[in-house]
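Bear in mind these aren't lab numbers, they're just calculated from the coordinates by the rules spelled out. In this text the structure is predicted, and so the values were computed from the model without any measurement. Positions of Cβ are generated from backbone atoms using ideal geometry, with glycine treated the same way; all protein chains shown enter the neighbour counts.
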Amino acid sequence: MGFHKLFNKPFAVFLFCMVLECTEGLPAHAVVNLYLDPDWTGTQSGTQAQPFASFSTGAWGIINTALATDNVTVYLSAREAGSDTDDVLNATIDITKKTPNPSGVLTINGNSFYNRSDSAPTWVAYSGQSKARVNSIDAQNGAHIKYNKVTIDGVHILQNSGAKGLSICGDNWTIQNSNIEHGPNGDSPLVLIVPTADSAHEGSSEYCPASANITIQNNTIHDSVGELIYVGGAGCTTTNPALSSASCNGIPSHSNISIIGNTLANCGSRAPQGDCIDMKGGLTNVTIRGNNISNAGAVARAIVGQGTQTNGTNQNIIIERNYIHDLPDVDDAAIAIVNSWGTPNGVTIRNNIIDTVKGGVAIRVYATQSAGVKVFNNTIYNASGYCIDSDSGSTLEVRNNACLSNNGGGTQTSLSGSITSTNNAYSGSWGGSCTSCVPGLSAIAFKNSGQGDFSLVSGSMLNDVATPISSFSNDYIGISRPQGAGWDIGAYELNQNSGGNLGTPPAPTNLTVQ
C-alpha cells in the first residue's frame, strides 16, 4: 500500500491500516477487512493470521476505530475447517456495541470466506451453501438509540433461546443473502424492525426512534414463533382508525422500507399464530416486491398492514409481484389492509399471484381514506372465500384482476364502499357492477393453473382486454405492458413474440425444520 495515499489520514488510522489491510480506491471511505473464526484460540487482532474469535470488547474497539473513517467488513468463517458445515458462533452479535452513527458502514459477512486451518489461519474464498451461524443479531436497546449503517450479508441466524432472531433499530440497514429461522425454543417475532410506539401503546419499552432506508432482500426467512417479519411502527391502546394522539404513540413512524426477493415460509410454525409480514401503524414508503410466500404453519396471513393518520398522509405502500401460495388457515385474508391502528391511505396491490388460500379471502380491505387502496392486475385462484372483499367505508379501485375458482366457484367478490371496478375477468359471478369486465373465466386461459403456472396461453381470453394504468408498465416477471394491441388482464402479460410468457412463478420452497 502506498504511503502517500494514507498520509493525510490521522496517524492512528494510518498505523491501523498498515496492520489491517485497508483497501484503497475510495477517497472518502476505504474498506477495512477484518476476520473472525470462533475456533481460533491464539492472539486476536482481526487480521487473517490473527482473527477475532468473538465480538469481544477488544474487537469492537478495533471495529469502531476503523468505522470513524472507513467502511468495515468483518468476514466470519463460513464453514468449519474440516467439514463443509456452518461455522458456529454460539452468541448474539450485540450491535449496540457499535458506534451509533459512524462515518463508515459496518458489514458482517458470513458466506464469502472461510479459515481452512484452526491452528495456522489461512483464509480462502468460499462459494458453497454453508454460512457462519449465530444465535441472533440485536440492535434493540432501552436507551432508544439508533445504530445506523449496518449490512448483514450471508449469515445464518438460528435463534433457539427464547428471543427474536434479528432486531433492527437505525437508518441505512441492509439484510441480504441470509438464512434466518427460529428453533423450537425461540420466541417473539423472528425479524423485528423495532416499533416506534412505546409499551403503553402496544409497542415496546425498548422502542426505536423513526428510522429510514431499511432493506431486507434475497433472504430465506422461515419457521417463526411469532411474525416472520414484524415491521414495527406506531401503536394504540385501543382501536383508533385516526391514529390520533389520544390513544396512539410513535407517529410518524419508519419510512423507506423495502422487503424484496425473499423466500418466506412456515410463518408461525413454531407457535399458534404468526403473520408472514406484519406492518404496524404510521409507516410510509414501503415496498414489498418479488417475495415467494408460503405457509405450512398455523393461522397466519401473508401480508397485513395498518393505516396512517386521517390528515391526508399518503403511505405509498406498494405490494407487487409476489407469489403467495398454499396458505392453510388464514385469519381473514392472504393480504389484509386493516384500519385498527390508522386508516389506510395510498396502498397499491398489483401484479401478484395468490394461489390457494384456506379459511379466508385472498384480499381483504377494511375502511380507507380518499386515496384508498388500488388492486390492479392480480391473478387470484382457489381461495376459500372471496377473491376481493371490502368494507362499506372503503375507497377502492379494482382493475384488470383475474379471479378464478374462488369462493367455491360462486361469487368472486364482495365489494362495498366507493368502488371503481373495470376490466376484471372472473369465473362464477362478480358480485356487483363491473365495467368492461370479462365473465366466464376458466382454467384454459392459463398454462397450468393447477400446478401454479398462471402465465397465459396464446389466444387467452385475458389477452388485450385490460385497461392501461399510468402508474406502472410491467407484469409479474418484468415484461413491459402492452406486448400486443392492449394490456392483458391478470399478473402476466402474454409475450407476443414467443407465443407465451418468458417465465413461470418460482417453485414452492421446501425447507427442513430444524
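Summary of values
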{"read-out": "Ordering of 32-38, 266-272, 391-397 by packing [mean C-beta count within 10 Å, highest first]", "value": "32-38, 266-272, 391-397"}
{"read-out": "Taking Ser211, Ser414 and counting other C-beta atoms within 10 Å, the order from fewest to most", "value": "Ser414, Ser211"}
{"read-out": "Percent antiparallel among DSSP beta bridges (both partners in the chain, rounded to 5)", "value": "10"}
{"read-out": "Positive-end residue of Ala30, Tyr492, Ser161, charge dipole of the chain with Cβ unit charges", "value": "Ala30"}
{"read-out": "Length released on extending from Ser247 to Gln50, taking residue separation times 0.36 nm less the Cα-Cα span", "value": "65.5 nm"}
{"read-out": "The chain: calculated mean residue ellipticity at 222 nm from DSSP helix runs of at least 4, using -39500 (n - 2.57)", "value": "-1000 deg cm²/dmol"}
{"read-out": "Thr122-Ile145 FRET efficiency (beta carbon distance; Förster radius 45 Å; 0.05 resolution)", "value": "0.70"}
{"read-out": "Estimated FRET transfer efficiency when R0 is 45 angstrom, pair Ser103-Ile444 (beta carbons, to 0.05)", "value": "0.15"}
{"read-out": "Rounded if a/c under 1.5, otherwise prolate or oblate - segment 140-209, Cα gyration tensor axes", "value": "oblate"}
{"read-out": "All lysines inside 27 Å of Lys358 as judged from Cα atoms, apart from same-chain residues fewer than 8 positions distant", "value": "Lys280, Lys374, Lys447"}
{"read-out": "Packing-based ranking, highest mean first, of 440-447, 149-156, 170-177 given that Cβ atoms within 10 Å are counted", "value": "149-156, 170-177, 440-447"}
{"read-out": "Taking N as its residue count, the alpha carbon Rg of segment 64-180 over 2.2 N^0.38 Å", "value": "1.08"}
{"read-out": "Label-to-label distance, nm, for residues given as Ser480 and Ser429 (7 Å Cα→Cβ offset)", "value": "4.3"}
{"read-out": "Area projected by the alpha carbon convex hull of segment 258-387, averaged over all directions, nm²", "value": "6.7"}
{"read-out": "Student exercise, segment 77-116 dipole from Lys, Arg, Asp, Glu Cβ charges, in Debye to nearest 20", "value": "220"}
{"read-out": "The chain - charge dipole about Cα centre, Lys and Arg +1 at Cβ, Asp and Glu -1, debye rounded to 20", "value": "720"}
{"read-out": "Rel. contact order, % - alpha carbon contacts under 8 angstrom, at least six apart, the chain", "value": "7"}
{"read-out": "Pair Ser370, Ser161: separation of 7 Å Cα→Cβ label points (nm)", "value": "5.3"}
{"read-out": "Packing-based exposure ordering (other Cβ within 10 Å, fewest first) of Cys437, Cys403, Cys208", "value": "Cys437, Cys208, Cys403"}
{"read-out": "Charge sum, other residues only, whose C-beta stays under 14 Å from Ala445's C-beta, Lys/Arg counted +1 and Asp/Glu -1", "value": "-3"}
